[in-house]
Amino acid sequence: MENFQYEVESWLDIPPDSGFSMYHFPYGICAREGGLPIACSAIGPFVIDLVRLYDEGFLDGTSVRRETLTGRYLNPLIASGKRVTNGLRARLQRLLSVSTGQEAREKLRNALVPATEVQMLLPVDIRDYTDFYSSREHATNVGTMFRDPDNALLPNWLHLPVGYHGRASSIVVSGTPVKRPHGQMIAQGAEAPHFGPSRLLDFELEMGFVIGKSSELGKPIPIEEAEDYIFGLALFNDWSARDIQKWEYVPLGPFLGKNFASTMAPWIVPLEALDPFRVEGPEQEPEVLPYLKSPGKKNYDIHLEVGIRPEGGEETTVCRSNFKYMYWSMAQQLAHHTVNGCNVNVGDLYASGTISGPTPDSYGSMLELSWRGTKPVQMADGTNRKFILDGDTVTLRGYAQSGHIRVGFGEAAGKILPAE
Ligand code: CA
């Protein structure tokens, strides 16, 4: 089996700012017009047709099975295990490296499809979705706005990664329009609620991780094994209707203010592609319970940003944050999620919670950026935003870079359509 290399040249001309570099090889599902869904990867401006590679014999010896590449979702390929999927990534890197001869290059070109010629589909059959609340800055901002600035964090927050079970059925792939939801809400000072379209529609900048290995009911995942269960990461926008959320959330938490839609990027970035970007997380004080102790570099330095483009207008970047700010790591989230014996399945999705940084331009939601509507955000076209308007397209982007090694996350974009 090949090993992944960190000094390698391609026979293809890949722009240096491409997130789909020789050190990446993400996984997705795409379809050509009128064609069936196929598993794919990406290099530069091309999508790599993995079925074609298989049929040409280029994947011989990798243990990849053809039937795991031809389904509607990546779940069967993911379930093959990291040995198979990382072997496949190493093979893709070698095939596209200068060590490949001319004749093979010509054949390989047939498996490279311009990304503009395919439609990217929701990559994973997501059976369960959990959303955490793991950014200290975000939890502090929200606690300051809605409760007490001196006691912004609730007593449990520094002791466990707070989370709730979300809704998997309404997770959509980037590019899918999202309709402004209706719901019940209460006006300031009113005695009774009213029903109507949400007026405080928001995005949440999050990172999701996809489970790559199922666990057994009744058996917690020890924290030192947690990363073995993480297949990869994807950008995730947990759309939120703040007015609906505020009225409904007591005492059981988020419900219809959250479950009308969440937008996921089409590319799953394998956890191993992020090895060069490991960093230590923030210091945890007070000390966490033993089952949550996880020394070492368990956070990841990934630049994140959010742009808002009004209908027919120019995009404004409203937020620049970083995944490294997370207080609770993915390993801690997974260890906590399963410590009571709850099992996980291949394809489950776990989202980080809004990723806010320490400075006001790094806040990961309009709620925080506009400080509950009191500080409107200036847009390039001269308008301003407190929350998201009809016709706005919200796009999450992300990349990690260390020297010449660049790994991009693509986009998670969604346009808001008016309520009917
Ligand atoms: Ca959230």
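With N set to the number of residues, divide the alpha-carbon radius of gyration of the range 28-121 by 2.2 N^0.38 Å and report two decimals.
It is 1.02.
Count neighbours as other Cβ atoms within 10 Å of each site's Cβ, and list the trypsin sites (Lys or Arg not before Pro) in the range 206-307 that are DSSP loop with at most 15 such neighbours. Write down the numbers at each step before the final one.
Values: sites: 213, 242, 246, 258, 278, 293, 297, 298; in loops: 213, 258, 293, 297, 298.
Passing both the DSSP loop test and the Cβ count: 293, 297.
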* HN-Hα J in Hz across the range 282-296 - Karplus 6.51, -1.76, 1.60, θ = phi - 60°, x for Gly and Pro -> x, 5, 9, 9, x, 4, 7, 5, x, 5, 9, 6, 8, x, x
* What does the highest-first list of 69-77, 149-157 look like by mean Cβ count within 10 Å? -> 69-77, 149-157
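Using only Cα atoms, figure out Rg for the range 250-361 and give it as a multiple of 2.2 N^0.38 Å. Walk me through the intermediate numbers first.
Working: Rg = 16.8 Å, N = 112, 2.2 N^0.38 = 13.2 Å.
Taking the Cα Rg and dividing by 2.2 N^0.38 Å, one obtains 1.27.
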* Take each of the peptides 130-139, 339-348, 356-365, average the number of other beta-carbon atoms within 10 Å over its residues, and list them starting from the highest. => 130-139, 356-365, 339-348
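What does the highest-first list of 313-322, 227-236 look like by mean Cβ count within 10 Å? Please report the intermediate quantities before stating the final value.
On the way: 313-322: 18.3, 227-236: 24.3.
So the peptides 313-322, 227-236, ranked by packing, come out 227-236, 313-322.
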* To the nearest Å, what is the center-to-center distance of the range 197-237 and the range 140-195, using C-alpha atoms only? -> 18 Å
* Structure fact -> With bins of 10 Å, the percent of all Cα-Cα pairs of the chain per bin from 0 is 5, 22, 32, 25, 13, 3, 1, 0
* In deg cm²/dmol and to the nearest 500, what is the mean residue ellipticity at 222 nm of the chain if only DSSP H runs of at least 4 residues count, each as -39500 (n - 2.57), divided by the residue total? -> -4000 deg cm²/dmol
* To do: Quickly work out the residue 72-to-residue 2 label distance, labels modelled 7 Å from Cα along the C-beta direction, and quote it in nm with one decimal.
  => 3.3 nm
* Asked: How high is the FRET efficiency between residue 158 and residue 228 when r is their beta carbon distance and R₀ equals 30 Å, given to the nearest 0.05?
  -> 0.65
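Bear in mind these aren't lab numbers, they're just calculated from the coordinates by the rules spelled out. Worth saying up front: this structure is predicted, and the values here are computed from it rather than measured. With ideal geometry, Cβ positions are generated from the backbone for all residues, glycine too; neighbour counts draw on all protein chains shown.
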